[in-house]
1. Taking the stretch A:191-201 only, how many residues are within 19 Å of the chain's Cα centre (by Cα) and farther than 13 Å from A:GLN175 by Cα?
2. Suppose we keep only residues that are charged (D, E, K, R) and part of a helix (DSSP H, G or I) within the stretch B:25-40. Which one would you say is nearest to DNA strand C (Cβ to nearest atom)?
3. Any idea which of (1) crowded, with 23+ Cβ neighbours inside 10 Å; (2) away from DNA strand D (no atom under 14 Å from the Cβ) is the one A:GLN24 doesn't satisfy?
4. Quick check, is A:GLU36 open to solvent by 20 Å² or more (accessible area, probe 1.4 Å) and over 28 Å from the mean Cα position of the chain (by Cα)?
5. Wholly within the stretch B:147-263, which helices (runs of 4 or more DSSP H) include no fewer than the required count, namely at least 3 residues that are farther than 23 Å from B:LEU97 by Cβ?
6. I'm trying to understand the selection: among the residues of the stretch A:41-80, which are modelled with pLDDT of 90 or more, more than 16 Å from DNA strand C (Cβ to nearest atom) and either part of a helix (DSSP H, G or I) or open to solvent by less than 40 Å² (accessible area, probe 1.4 Å) (or both)?
7. Restricting the search to the stretch B:125-142, which residues are at pLDDT 65 or above and either open to solvent by less than 30 Å² (accessible area, probe 1.4 Å) or on the phi > 0 side of the Ramachandran plot (or both)?
There are 2 protein chains.
Amino acid sequence: MTTPQLPQRSTDGTVGKALEILDQVAEFGRPVRFAELLANSPHPKATLYRLLQTLTNQGMLRFDEQSQAYAPGLRLVRLAHAAWRQSSLAPLARPHLDALSETVGETIHLAQLDQGQVLYVDKRNAQTPIEMFSQAGKIGPGYCTGVGKAMIAHLDADGREDAIRRQAYLRHTPQTLSTEAEFRIELEAIRAEGVAFDREEHEPGIICIAAPILSANGRVMGAVSITSSLQRRSLESLDTLRPLLLKTANDISESAESWQFPT
Amino acid sequence: MTTPQLPQRSTDGTVGKALEILDQVAEFGRPVRFAELLANSPHPKATLYRLLQTLTNQGMLRFDEQSQAYAPGLRLVRLAHAAWRQSSLAPLARPHLDALSETVGETIHLAQLDQGQVLYVDKRNAQTPIEMFSQAGKIGPGYCTGVGKAMIAHLDADGREDAIRRQAYLRHTPQTLSTEAEFRIELEAIRAEGVAFDREEHEPGIICIAAPILSANGRVMGAVSITSSLQRRSLESLDTLRPLLLKTANDISESAESWQFPT
DNA sequence: AAAGATGTTTCATTATTTGGAACCAAGCCA
DNA sequence: TGGCTTGGTTCCAAATAATGAAACATCTTT
């Protein structure tokens, strides 16, 4: 008899397991050895082994001979290009972000929600390009970023509860909201206000104002934010950009509505 | 008895089938309806249906209610970020591309080979800085691009044959090499020469010079190219950049060699 | 109303995945 | 040296999940 009554994550089929493993490898952020994966895996050795083989010769993983370790494969990059173009707001939002960037001269982020986490899909740098590695595809926490809070606050009840449950509530800075209760209160405030602020909750000295991008029927599609540092601006100063930010969010939403797929 | 003697692509297991479907959806370049996929699918209705369901609720695909169609999902973007950072030459090559770009002021491409096709992983051009997945992740043909030819020419015999077989040999321009025979001759010439030229083979008026990036043991890791237009430069003029290009390719290779993975 | 598309569900059959255990190959240590 | 540990690969009978023909819903057209 095998694994009788454990809560056991609802993985759909073999494919689900394989994709879960893919995620695990990606999360490591560096090539991982078989044994390391095995340690964090619910699967028996042989199963994990075969799944890794499959993923590898499909190009979803790459096996680095030299370090004897697995890393996410280039096939993903190819697939992601298609995903980014078709399923992200980035292509549509592009002109609006450009305009906003030009006007405010601060760092702009465009994000969407992916399994309760913030997924950045586009970015514009402040004039001085302190080029961090390209942002698209990067993920961030939902409970302590402006875009994350803005999106979660505007989800419907079910989605919101789900997202609230998925947060890690780690204290990144002294200002981080690190309990579910605090987070809930903040979400209420954001819903009332229409925009979210990040008050050094993720990184010390970094603040931002974020607005949700809502579809005509009120569903959350994503969020835009303007980020700055306390050295350059105060929260109040950021707040003066609110009308511009809201207009941008609205423009993006309208572009999305009027979009028709080609035959 | 099922599917008795067809050549039938060697798909490893259910996971393989699922990923193949993922590719199909991505290739469409626009949301696809169930029926369209079914038409191009070797699988029976029910099978395709279930596979699509699985992929969708795994976030690898997105089902657009409005258009009743499937598109690649955002989970891919997240995964690809990890892949790009760990499995592409882009992070390592970045400073070298920056330097080359600064010096020559022309469009630069960094590409790798993915299943016989050219996969662009980074780019520099005069105007726009990098926007991750708008350029990275894009694919191109191997037989009529500078980077493609440079890489394929330097593969080992097996890999080269495989790549030669995978090409489509479509005539994009009057200059396109559109038979396998012509392609083979060109590859020989490139191997002798050490660099490849694109003589308006992919797009009219567009030319480029490309060099392979080889590891210490001679394996092809990728290629760099400098692209220009006939309005601005001649092939001879591009050729004067050859030493710079080769130096860049070599620098990237050396950076890669000296790279050690963190524990 | 009937006939066509298109998408979804069922269920007995079949084939694939599973995972315990054996096996192999290096290190390591005493 | 020889035995012990650690990391990785292969086997194979049993358990499970995938399969696909066909029936069933819907929603359009005629």
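The values are calculated or read from the model by the stated rules, or taken from the named source; none is laboratory data. The shown structure was predicted, so the numbers you read here are calculated from the model rather than taken from an experiment. Please note: Cβ atoms are built from the backbone with ideal geometry, for glycine as well, and neighbour counts cover all protein chains shown. Please note that ligands, DNA and RNA were not included when accessible areas were found on the heavy atoms of the full protein model with its side chains. Shrake-Rupley method; radii C 1.70, N 1.55, O 1.52, S 1.80 Å.
1. Counting residues in the stretch A:191-201 that are within 19 Å of the chain's Cα centre (by Cα) and farther than 13 Å from A:GLN175 by Cα gives 2.
2. B:GLU36
3. Unmet for A:GLN24, out of (1) crowded, with 23+ Cβ neighbours inside 10 Å; (2) away from DNA strand D (no atom under 14 Å from the Cβ): (1).
4. No.
5. Of the helices (runs of 4 or more DSSP H) lying wholly inside the stretch B:147-263, those with at least 3 residues that are farther than 23 Å from B:LEU97 by Cβ span B:157-166, B:180-193.
6. A:GLY59, A:TYR70, A:ALA71, A:PRO72, A:GLY73, A:LEU74, A:ARG75, A:LEU76, A:VAL77, A:ARG78, A:LEU79, A:ALA80, listed by residue number.
7. Residues satisfying the conditions are B:PHE133, B:SER134, B:ALA136, B:GLY137, B:GLY140, B:PRO141, B:GLY142.
One line per residue, one yes/no per condition, for (1) touching a strand residue (DSSP E or B) at 6+ places or on another chain (Cβ under 7 Å); (2) facing chain A (nearest Cβ under 9 Å):
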{"residue": "B:ALA39", "(1), (2)": "no, no"}
{"residue": "B:THR47", "(1), (2)": "no, no"}
{"residue": "B:ARG75", "(1), (2)": "yes, yes"}
{"residue": "B:ARG85", "(1), (2)": "no, yes"}
